[in-house]
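The values are calculated or read from the model by the stated rules, or taken from the named source; none is laboratory data. Since the model is a prediction, treat every value here as computed from it, not as a measurement. Positions of Cβ are generated from backbone atoms using ideal geometry, with glycine treated the same way; all protein chains shown enter the neighbour counts. We work out accessible area using only protein heavy atoms, side chains counted, and drop any ligands, DNA or RNA first. Shrake-Rupley method; radii C 1.70, N 1.55, O 1.52, S 1.80 Å.
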Amino acid sequence: MLNHILNLFFPKSCAGCSSFLMANELVICTQCRFDIPLTNHHNIEENEVMKKFYGRVPLEFAGALFYFHKKGIVQEMIHKLKYKGQEEIGEAIGYWYAEELKNVEIICSADFIIPVPLHKKRRKTRGYNQVDAFGKALSDKLGIPFDETILRRNVYAKTQTKKDLLDRIEVKEATFEAVFNENHHGKHFVLIDDVVTTGSTLEICSKALLKIPDAKISIVCMAMSHQ
């Protein structure tokens with residue numbers, strides 16, 4: 001009853017189209033949920049995200065839930081999640097994707113869910129990591145521990161326009177570091193992020209995690225940039 005009264009005076013809006021949500025709608029309205037472009041990657045072994053990392057890093061599984069188009073519903077949702085403090089969007093996407101991934105055996109047998117980390121300076125400025133709520137929802141639904149301590153970002157991302165190519169590569173390779181002990185040996189890590197574009201950040205993070213003896217890596221993202 002209280003929620004109905006609050007919604008009457010402070011109606012919640014859809015994360016996709018900003019229309020008012022109905023009483024039975026959470027975060028995303030029914031129309032946006034219907035219109036969001038889904039990838040169906042969890043049902044395609046050789047999907048687009050897997051192919052993106054061929055020859056770059058060995059993966060057990062890779063996939064994204066949505067296609068990300070400029071000026072589309074997904075872009076609006078990710079923008080609000082990343083810059084407007086609406087972490088409930090990440091949580092909703094996590095529960096949505098978990099429903100699809102619960103039938104993917106290789107994911108359900110994983111040992112840890114690991115977010116791509118923010119540098120501590122950026123996290124302090126933003127106040128949160130935009131993928132944490134997504135990861136915690138996946139963890140809750142799939143029963144896989146969420147751990148944000150295993151992967152660390154050591155380099156604060158600044159403009160590199162004055163650096164030569166070799167310097168840029170060296171900075172990238174040194175950006176992320178895995179912090180682990182013997183309990184992490186031989187484990188399967190699910191690396192998560194918001195949007196996969198070129199895949200360079202995910203590649204570097206995966207290589208950092210692969211320094212853990214006998215580690216296995218999967219990648220799960222909210223969305224994939226798509227033309």
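Largest first, what is the accessible-area ranking of S139, S109 with a 1.4 Å probe?
Numbers: S139 25, S109 70 Å².
Output order, biggest surface exposure first: S109, S139.
Cα centroid distance between the range 76-130 and the range 42-69, in Å?
Each part reduced to its Cα centre gives a spacing of 17 Å.
Pairing the Cα long axis of helix 132-142 with the longest principal axis of the chain, what angle in degrees results, from 0 to 90 and rounded to the nearest 10?
90 degrees
Of H184, I28, P145, which is farthest along the charge dipole of the chain in the positive direction, counting Lys and Arg as +1 and Asp and Glu as -1 at C-beta?
Looking along the dipole axis, the top candidate is I28.
Between helix 165-175 and the chain, what is the angle of the helix's C-alpha long axis to the longest principal axis, kept within 0 to 90° and rounded to the nearest 10?
Roughly 70 degrees, rounded to the nearest 10.
With θ set to phi - 60°, apply the Karplus curve 6.51 cos²θ - 1.76 cosθ + 1.60 along the range 183-200 and write out the HN-Hα couplings as whole Hz, x wherever there is a Gly or Pro.
Running phi through 6.51 cos²θ - 1.76 cosθ + 1.60 with θ = phi - 60° gives 5, 9, 5, x, 8, 9, 9, 9, 8, 10, 8, 7, 10, 8, 10, 6, x, 5 Hz.
Run the 1.4 Å probe and let me know the accessible area of M224, rounded to the nearest 10 Å².
About 10 Å², ignoring ligands and nucleic acids.
May I ask for the angle, rounded to the nearest 10°, between helix 73-83 and the longest principal axis of the chain, with both axes built from Cα atoms and the value confined to 0 to 90°?
70 degrees
Leaving out same-chain residues fewer than 8 places away, which aspartates and glutamates sit with a Cα under 13 Å from that of K172?
D164, E203
Work from the charge dipole of the chain (Cβ charges, +1 for Lys and Arg, -1 for Asp and Glu, about the Cα centre) and give the residue of M224, F112, A98 farthest towards its positive end.
Of the listed residues, the answer is M224.
With a 1.4 Å probe and all protein chains kept in place, how much accessible area does H42 have, in Å² rounded to the nearest 10?
40 Å²
About the Cα centre, and with charges only on the beta carbon of Lys, Arg (+1) and Asp, Glu (-1), how big is the dipole of the chain? Nearest 20 debye, please.
On the way: 30 positive and 28 negative charges, 232 e Å.
Around 1120 debye, computed over the chain.
Measure off, as a whole percent, the carbon and sulfur share of the 1.4 Å-probe accessible area of the range 8-94, all protein chains present.
Ligands and nucleic acids excluded, carbon and sulfur give 55 percent.
With percent of Cα pairs over 27 Å apart defined as stated, name the option among (i) 40; (ii) 35; (iii) 55 computed from the structure displayed.
Of the listed options (i) 40; (ii) 35; (iii) 55, (ii) comes from this structure.
Keeping all protein chains in position, work out how much accessible area T30 exposes to a 1.4 Å probe, and write it in Å² to the nearest 10.
90 Å²
Excluding residues fewer than 8 places away in the same chain, name every one of the lysines whose C-alpha is closer than 20 Å to that of K102.
List returned: K136, K141, K187, K216.
Before rounding to the nearest 500, sum -39500 (n - 2.57) across all DSSP H runs of length at least 4 in the chain and divide by the residue total; then give [θ] at 222 nm in deg cm²/dmol.
Estimated from H runs of four or more residues: -10500 deg cm²/dmol.
Roughly speaking, what is the stretch gain from V155 to E99, that is 0.36 nm per residue apart minus the C-alpha to C-alpha distance, in nm to one decimal?
Working: separation 56, 0.36 × 56 = 20.16 nm, distance 3.50 nm.
Extra length available between V155 and E99 comes to 16.7 nm.
For the chain, what's the relative contact order in percent, using C-alpha pairs closer than 8 Å and at least 6 residues apart? Could the numbers behind the result be given before it?
Working: 379 pairs, mean separation 50.8, N = 227.
The value is 22 percent.
Kindly sort E25, E87 by accessible area of their heavy atoms, largest first, with the probe set to 1.4 Å. Present the calculation step by step, with values, prior to reporting the outcome.
On the way: E25 30, E87 70 Å².
Accessible-area ranking of E25, E87, largest first: E87, E25.
Got a sec? What order do Y97, Y83, Y128 fall in by accessible area at 1.4 Å, biggest, i.e. largest, first?
Reading off the accessible areas and sorting them downward yields Y83, Y128, Y97.
Rounded to the nearest 5, what % of DSSP beta bridges with both residues in the chain are antiparallel?
Details: 5 of 25 bridges.
Taking every DSSP beta bridge within the chain, about 20 percent pair in antiparallel fashion.
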